[in-house]
Amino acid sequence: MVKHAKPKGFYDVFERKSQDFPAGETTHYCPGCGHGTVHKLIAEALVDMGLQDRTIFLSPVGCAVFGYYYFDTGNIQCAHGRAPAVGTGVARSLDDAVVISYQGDGDLAGIGTAEIVHAANRNENMAVFFVNNAIYGMTGGQMAPTTLLGQSTTTSPLGRKSEREGGPIHMAEVMSALEGPIYIERCTLSSPAGVMKTRKAVRKALTNQSEKRGFSFVEILSPCPVGWKMTPVQSRSWMASSMESVFPVKRFRDEEAAPKGNGRLPFLDDGALRDLVGAVANEVPTKVSTLSQDLGVKIAGFGGQGVMSAGILLANAAIHEGLHTTWLPSYGPEMRGGKANASVVLSSDAVGSPVVDVPQALLAMNGPSLDAFENHVVPGGLVMVNSSLISRKVERRDVRVFEAPVSDLAAEAGFLKGANIVMLALFALESGVIGIQTLKEIIPKSMKNKDLVEINLRLVDVAEEFHGRE
Amino acid sequence: MNHVVVSTDLCKACRLCVEACPKHCLELGSAINALGHQAVRFDSQECTACGMCFYVCPEPGTLTVMKGTA
Ligand SMILES: Cc1ncc(C[n+]2csc(CCOP(=O)(O)OP(=O)(O)O)c2C)c(N)n1
Ligand code: SF4
């Protein structure tokens, strides 16, 4: 009777892409490499636990890059160090998936440090098998973040020295500093007993994963005989004598954790979404306007002049009129006090791009804005100028110009900050794109500070009076 | 009888099973296999089918451990 045989979690024949390694039944690993042993423990557990068809195996960059040659499971080969980020996507989109992130120490503790730390901190639903061989195996035995002090590698031929290269990074301990992970253990392949303990840890992590209890991290000290320039048997004694005193083999955490959710946001219908982002036009549009062509509007000024809120008001008014619209803010490096502009696109149909490179209308609240965008306006377009702050004249002769001292008009009404409203109301009147009545209906709904509703409505009247006089 | 079946052409002769076997049932042979290694051979009456050789072996299909007669 067969007691132990090649686990069914492996393909029968390992098909390969490379001409140098034809399809066969052996792995590409060097004699005595620990990767094969860990693969075997995982493949066996997946079958024994009935998880094979639910498994997405994420292979790293490193010697284990070809995980998909071997594991008869779902497979994704990830960019260097990014497997935990890929796993986050998989875990959150496939409720039933058993996610395995299999990573080396260069991959996980070097280039992928950010990904592993944040996935752990979020307690992502995945099982991480961290194969630590204290070296970059695949690229020829260079120093890794996990290389021991004194250990010589191709890039630390004199031995790693803490003054020069820092000390070895202890990833299981790093994981333990975070609240997220539910299970953290360090194992070793240095002896048959160590292999059997690793087998248990693999199963523990996969049980957590199949029950969706959160983030499990199993660090496995693993030999790289070729990279260490040792025989496979010597490499096992070196692990026991040197590696394990630096990386203590122990269980760091094992929490009773309840199954956690998939981390997805609840489904929000259009109404709920509009409520959430504070949009105002959550009722049926009052009328259905049409535009002969898409209209790109650029509202520009310095931060604090209300160009962003003017843009939002315009977009909301457009929705109210049954138009499609987008609003795209653009800030300078300083959020306040720097340059700012809002791009608003209005259309009778779905908007293709929210970017306004050549505006049909420019609302320039200050001089630098006119300087920056005057030449971008389409011929025949409309340029609205805040003449309170802009002393120069518009140079273009092929655009329609409307000048108004909107800052002064607002200040005279007692609310300088409302210059944007005066400008927007004048734009509505001058362009006819949105009705002034629409604007009056939108303002009370969109103002968060209700004390400002009255003054802003008065500023619309100020604009109407000014426009009537012009 | 308990025994280990070696797929000789899949062995990389790392010796880990030789060291792992508590009953010293395995040893490296002298014949050179298709991979160029002197593959391990099983020759013993002592095997308990404990599976230690199987688990330490990094290759998926090299060793199959049989219990009993069949
Ligand atoms: C973005 C990127 N940077 C660098 C490399 C080169 N590279 C390939 S494998 C590797 C290190 C792998 O070491 P480790 O994760 O310890 O795995 P091992 O091979 O030892 O199992 C590096 C740096 C790469 N393939 N991609
Ligand atoms: S059977 Fe496996 S462990 Fe034993 S010598 Fe061959 S490859 Fe190494």
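Restricting segment A:428-454 to residues that are more than 22 Å from A:Leu362 (Cβ to Cβ) and not in a helix (DSSP H, G or I) leaves a set whose member that is most open to solvent (accessible area, probe 1.4 Å) is A:Lys448. Looking at A:Ala258, A:Ala177, A:Ala205, A:Ala201, which is the one that is in contact with a strand residue (DSSP E or B) (Cβ under 7 Å, 6 or more places away or on another chain), more than 14 Å from every other protein chain (Cβ to nearest Cβ) and of a type in the set (Gly, Ala, Ser)? Result of the check over A:Ala258, A:Ala177, A:Ala205, A:Ala201: A:Ala205. When A:Ser407, A:Ser343 are checked against the criterion of being assigned to a helix (DSSP H, G or I) and surrounded by 15 or more Cβ atoms within 10 Å (Cβ to Cβ), a single residue qualifies: A:Ser407.
Inclusion of B:Leu10 among residues that are under 20 Å from A:His39 (Cβ atoms), out of contact with any strand residue (DSSP E or B) (no Cβ under 9 Å at 6 or more places or on another chain) and away from ligand 1 (no atom under 16 Å from the Cβ) is not warranted. For A:Tyr68, state whether it is surrounded by 17 or more Cβ atoms within 10 Å (Cβ to Cβ) and either free of Cβ contacts under 8 Å to residues at least 12 places away in the same chain or within 13 Å of another protein chain (Cβ to nearest Cβ) (or both). For A:Tyr68, the condition - surrounded by 17 or more Cβ atoms within 10 Å (Cβ to Cβ) and either free of Cβ contacts under 8 Å to residues at least 12 places away in the same chain or within 13 Å of another protein chain (Cβ to nearest Cβ) (or both) - is met. Here is the figure for segment A:180-198: residues that are touching a strand residue (DSSP E or B) at 6+ places or on another chain (Cβ under 8 Å) and either within 14 Å of chain B (Cβ to nearest Cβ) or open to solvent by 60 Å² or more (accessible area, probe 1.4 Å) (or both) total 7.
Under the condition of being over 11 Å from the mean Cα position of the chain (by Cα) and within 11 Å of chain A (Cβ to nearest Cβ), which residue from segment B:20-37 is least open to solvent (accessible area, probe 1.4 Å)? Checking each candidate, the answer is B:Asn33.
Only one of the numbered conditions (1) away from ligand 1 (no atom under 16 Å from the Cβ); (2) within 18 Å of A:Pro225 (Cα to Cα) is violated by B:Pro58, and that is (1).
Whether a residue is modelled with pLDDT under 95 and of a type in the set (Lys, Arg) was assessed, and A:Lys17 passes this test. I'm trying to understand the selection: among the residues of segment A:359-376, which are part of a loop (DSSP other than H, G, I, E, B), surrounded by fewer than 24 Cβ atoms within 10 Å (Cβ to Cβ) and modelled with pLDDT of 95 or more? Across segment A:359-376, the qualifying residue is only A:Gln360.
Among residues of segment A:455-469 being over 17 Å from A:Leu416 (Cα atoms) and free of Cβ contacts under 8 Å to residues at least 12 places away in the same chain, the one that is most open to solvent (accessible area, probe 1.4 Å) is A:Arg469. Hey, does segment B:41-58 have a residue that's facing chain A (nearest Cβ under 7 Å), closer than 27 Å to A:Lys200 by Cα, crowded, with 20+ Cβ neighbours inside 10 Å and touching a residue at least 60 places away in the same chain (Cβ under 8 Å)? Looking for residues that are facing chain A (nearest Cβ under 7 Å), closer than 27 Å to A:Lys200 by Cα, crowded, with 20+ Cβ neighbours inside 10 Å and touching a residue at least 60 places away in the same chain (Cβ under 8 Å), one finds none in segment B:41-58, hence no. Return yes when B:Gly68 is in a loop (DSSP other than H, G, I, E, B), within 13 Å of ligand 2 (Cβ to nearest atom) and at the interface with chain A (Cβ under 10 Å from one of its Cβ atoms) and no when it is not. No: the conditions fail for B:Gly68. A:Ser156 fulfils the conditions (1) surrounded by 16 or more Cβ atoms within 10 Å (Cβ to Cβ); (2) in contact (Cβ under 8 Å) with a residue 24 or more places away in the chain except for a single criterion, (2). Taken together, A:Glu25, A:Glu15 contain a single residue that is more than 9 Å from chain B (Cβ to nearest Cβ) and not aromatic (Phe, Trp, Tyr), which is A:Glu15. When segment A:215-242 is filtered for residues that are outside any helix (DSSP H, G or I), open to solvent by 10 Å² or more (accessible area, probe 1.4 Å) and either in contact with a helix residue (DSSP H, G or I) (Cβ under 8 Å, 6 or more places away or on another chain) or of a type in the set (A, V, I, L, M) (or both), the ones remaining, listed by number, are A:Cys224, A:Met230, A:Thr231. Examine segment A:258-266 for a residue that is at pLDDT below 90 and farther than 30 Å from A:Lys204 by Cβ, and state whether such a residue exists. Within segment A:258-266 (the criterion being at pLDDT below 90 and farther than 30 Å from A:Lys204 by Cβ), the answer is yes, since at least one residue qualifies. Is it the case that segment A:81-89 has a residue that's surrounded by fewer than 21 Cβ atoms within 10 Å (Cβ to Cβ), within 14 Å of chain B (Cβ to nearest Cβ), away from ligand 2 (no atom under 16 Å from the Cβ) and of a type outside the set (Lys, Arg)? No; the residues of segment A:81-89 include none that is surrounded by fewer than 21 Cβ atoms within 10 Å (Cβ to Cβ), within 14 Å of chain B (Cβ to nearest Cβ), away from ligand 2 (no atom under 16 Å from the Cβ) and of a type outside the set (Lys, Arg).
The values are calculated or read from the model by the stated rules, or taken from the named source; none is laboratory data. These numbers come from a predicted model, not from an experiment. Methodologically, a virtual Cβ is constructed for each residue, glycine included, from the backbone with ideal geometry; neighbour enumeration extends over all protein chains shown. Just so you know, the surface numbers come from the protein's heavy atoms only, side chains and all, with ligands and any DNA or RNA stripped out. Shrake-Rupley method; radii C 1.70, N 1.55, O 1.52, S 1.80 Å.
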